[in-house]
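Structure record follows, encoded as structure tokens.
The values are calculated or read from the model by the stated rules, or taken from the named source; none is laboratory data. Everything quoted here is computed from the prediction, not taken from an experiment. Cβ placement follows ideal geometry from the backbone for every residue including glycine, while neighbour counts extend to all protein chains displayed.
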């Protein structure tokens, strides 16, 4: 099991850059698609304020398309993955695909154009995945395109909110997903702390996403390294 640090609630691009620099070279590379060179995966939460709240960069301003442009020039060895908590994942998809992002995760419950967005991503080198809310059954994974090999399960009841508590019912859901779809990588996100890691690994999670547990520490890089040693 690997740990992906999560940048959530970013107010602007400077916040994103600052947190990337804090864990540069420490992020775990073991779930990379390609050779293990440089840093590993970093998870970036994107919230539009409509599908979920509160808004995060790039939706905190009037022109999210212009804000996304800032990501083109980011200097990092980390592999960037997005979790789009937005009403219409296709709306700014072209802009996201023109950045160094290597994985885009789309919320299954988004009301608009999910299948269209997944079809567009299938034609690119960007890895696509789907995120399931806590109360969405794992059986829906069987409805997804066969190319989907990465599914993220939310372990909090209300997505988008910073500081929500981990729900232990996710452990049975992970176990069920791994038994039903053994070839799909399962990531878990939401309220995860050190005391949850052992149970998540036992349940079969391939990756866990941790935000406050890492970035609220005095030294995020050292804390990430310490947590990685536990898994």
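Results for (1) over 30 Å from residue 193 (Cβ atoms); (2) in contact with a helix residue (DSSP H, G or I) (Cβ under 7 Å, 6 or more places away or on another chain); (3) assigned to a loop (DSSP other than H, G, I, E, B), shown as yes or no for each residue.
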residue	(1), (2), (3)
111	yes, no, yes
115	yes, no, no
125	yes, no, yes
128	no, yes, no
136	no, no, yes
141	no, yes, no
156	no, no, yes
160	no, no, yes
164	no, no, yes
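Which condition from (1) touching a strand residue (DSSP E or B) at 6+ places or on another chain (Cβ under 8 Å); (2) touching a residue at least 60 places away in the same chain (Cβ under 8 Å) is the one that residue 177 breaks?
Just one mismatch for residue 177, condition (2).
Look through segment 78-90, keep the residues that are in contact with a helix residue (DSSP H, G or I) (Cβ under 9 Å, 6 or more places away or on another chain), outside any strand (DSSP E or B) and free of Cβ contacts under 8 Å to residues at least 40 places away in the same chain, and return whichever of them is surrounded by the fewest Cβ atoms within 10 Å (Cβ to Cβ). Steps first, answer last, please.
Narrowing segment 78-90 to residues in contact with a helix residue (DSSP H, G or I) (Cβ under 9 Å, 6 or more places away or on another chain): 78, 80, 82, 84, 88-90.
Then drop every residue that is not outside any strand (DSSP E or B), which leaves 78, 88-90.
Checking the rest, the ones that are also free of Cβ contacts under 8 Å to residues at least 40 places away in the same chain come to 88-90.
On the way: 88: 18, 89: 27, 90: 20.
If we take residues in segment 78-90 being in contact with a helix residue (DSSP H, G or I) (Cβ under 9 Å, 6 or more places away or on another chain), outside any strand (DSSP E or B) and free of Cβ contacts under 8 Å to residues at least 40 places away in the same chain, then 88 is surrounded by the fewest Cβ atoms within 10 Å (Cβ to Cβ).
Identify, from the list 134, 105, 44, the residue that is surrounded by fewer than 18 Cβ atoms within 10 Å (Cβ to Cβ), touching a residue at least 24 places away in the same chain (Cβ under 8 Å), in contact with a strand residue (DSSP E or B) (Cβ under 6 Å, 6 or more places away or on another chain) and closer than 30 Å to residue 228 by Cα.
On the way: 105 fails: surrounded by fewer than 18 Cβ atoms within 10 Å (Cβ to Cβ); 44 fails: surrounded by fewer than 18 Cβ atoms within 10 Å (Cβ to Cβ).
Unique residue meeting the criteria: 134.
Here's the yes/no breakdown for (1) farther than 22 Å from residue 9 by Cβ; (2) modelled with pLDDT of 95 or more:
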position	(1), (2)
150	yes, yes
157	no, no
169	yes, yes
191	no, yes
204	yes, yes
207	no, yes
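If you check residue 147 against the conditions, is it without any contact (Cβ under 8 Å) to a residue 24 or more places away in the chain and surrounded by fewer than 20 Cβ atoms within 10 Å (Cβ to Cβ)?
On the way: without any contact (Cβ under 8 Å) to a residue 24 or more places away in the chain: no; surrounded by fewer than 20 Cβ atoms within 10 Å (Cβ to Cβ): yes.
Here the answer is no, as residue 147 does not meet what is asked.
Whether any residue in segment 166-189 is surrounded by fewer than 20 Cβ atoms within 10 Å (Cβ to Cβ) and closer than 27 Å to residue 17 by Cβ is what I want to check.
Looking only at segment 166-189, we keep the residues that are surrounded by fewer than 20 Cβ atoms within 10 Å (Cβ to Cβ), and these are 166-169, 171-172, 175-176, 178-185.
Keeping just the survivors that are closer than 27 Å to residue 17 by Cβ gives none.
For segment 166-189, residues surrounded by fewer than 20 Cβ atoms within 10 Å (Cβ to Cβ) and closer than 27 Å to residue 17 by Cβ: absent.
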